[in-house]
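The values are calculated or read from the model by the stated rules, or taken from the named source; none is laboratory data. The structure presented is a predicted model; accordingly, all values stated were derived computationally and were not measured. Every residue, glycine among them, receives a Cβ derived from its backbone with ideal geometry; neighbour counts consider all protein chains shown. To get the accessible areas, we keep the full protein, side chains included, count just its heavy atoms, and leave off ligands, DNA and RNA. Shrake-Rupley method; radii C 1.70, N 1.55, O 1.52, S 1.80 Å.
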Amino acid sequence: MNLIDKSEAISSDLLILAQWMAGDFSNYQQASASPKDYAHIHIFFRPLPFEFFSGIGLYSEQVYDYDLWTPYRQGVHRLVERDDHIYIENFSLKNAMFYAGSGRNLDILKTISTDAIERRYNCSMVFKRDGDRFIGGVEGNSCFIEKNGCQTYLDSYVEVTETTWLSLDKGLDINTHKQVWGSTTGPLRFEKRESFANEVPTVLQTS
C-alpha cells in the first residue's frame, strides 16, 4: 500500500474548501440579536472516510438548537474538481432519521453507506474561490422542491470562509418566479464553533 500526497491528485482549493466547510457552525449571535427574525440553528459538516467516495465527501445536517437530535435537513456531498471551480454533488439519505446525530457522533456517521444515499440531480452546487472566501450557488434552476402543494425551484447563495458560513435559500414558483419559501429578512450568518478540518482525508491510498 502506497501513500501519495493528496495534493498530487486534487487541487489545493478543493482541500481548502473542504477544510473550511468541515465544522460545527452556529448563528447564535444573529439569533440573539434578532430572535423574531432568526431561530438559533446549527449546521454540521462532517468529513466522510476517503473510501466512501474514493475522494472527499461530507455529511451535513441542520438542526434547531433546542432539538439537536431531530435535523430538519440532512445530506451527503461529494466534492469534485472542475476546470475553474469546485462542483459539489448533493445526495439525499433514503432513511435520513437513522443517521440523525452523525454530525456530532462519529459512531453514527460510520453507519452511513453508499447504499443509503441517492443523487439529487440538478441540485449540485458550484463554488469558486474569491480571495479569502468561496462563493457558491445551486446549478441552474431545475432543483425542484414542492412546498405546500406548490412546485418551486431552489435559488441558493453561499459564502464560505475559514470561520464563517453565510447562506440564503429561497424557493421560487416555477411559473411566476415569485418567492414561495425561504428567508425574507436576509441570509443566515453562521460562525464556526468547532473545526473538523483535521478529519478531512490528507492522503490518497492506492494499492
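Taken together, the residues in the range 148-202 that are among the small types (G, A, S), open to solvent by less than 30 Å² (accessible area, probe 1.4 Å) and in a strand (DSSP E or B) amount to 3.
Of everything in the range 91-123, what is of a type in the set (G, A, S), assigned to a loop (DSSP other than H, G, I, E, B) and either surrounded by fewer than 19 Cβ atoms within 10 Å (Cβ to Cβ) or on the phi > 0 side of the Ramachandran plot (or both)? Give them in sequence order.
First, the residues of the range 91-123 that are of a type in the set (G, A, S): 92, 96, 100-103, 113, 116.
Among the residues that remain, those that are also assigned to a loop (DSSP other than H, G, I, E, B) are: 100-103, 113.
Within the range 91-123, A100, G101, S113 qualify.
Let me confirm something: among G186, G131, G136, which residue is touching a residue at least 12 places away in the same chain (Cβ under 8 Å) and on the phi > 0 side of the Ramachandran plot?
Values: G131 fails: touching a residue at least 12 places away in the same chain (Cβ under 8 Å); G136 fails: on the phi > 0 side of the Ramachandran plot.
The unique qualifying residue is G186.
Within the range 51-90, the only residue that satisfies the criterion of being buried (at least 22 other Cβ atoms within 10 Å of the Cβ) and hydroxyl-bearing (S, T, Y) is Y59. Looking across the range 63-81, the residues that are without any contact (Cβ under 8 Å) to a residue 24 or more places away in the chain and not in a strand (DSSP E or B) come down to D67, Y72.
Being under 24 Å from N27 (Cβ atoms) and of a type in the set (S, T, N, Q) is true for just one of N90, N95, N122. Which residue is that?
Numbers: N95 fails: under 24 Å from N27 (Cβ atoms); N122 fails: under 24 Å from N27 (Cβ atoms).
Just one listed residue meets the conditions, N90.
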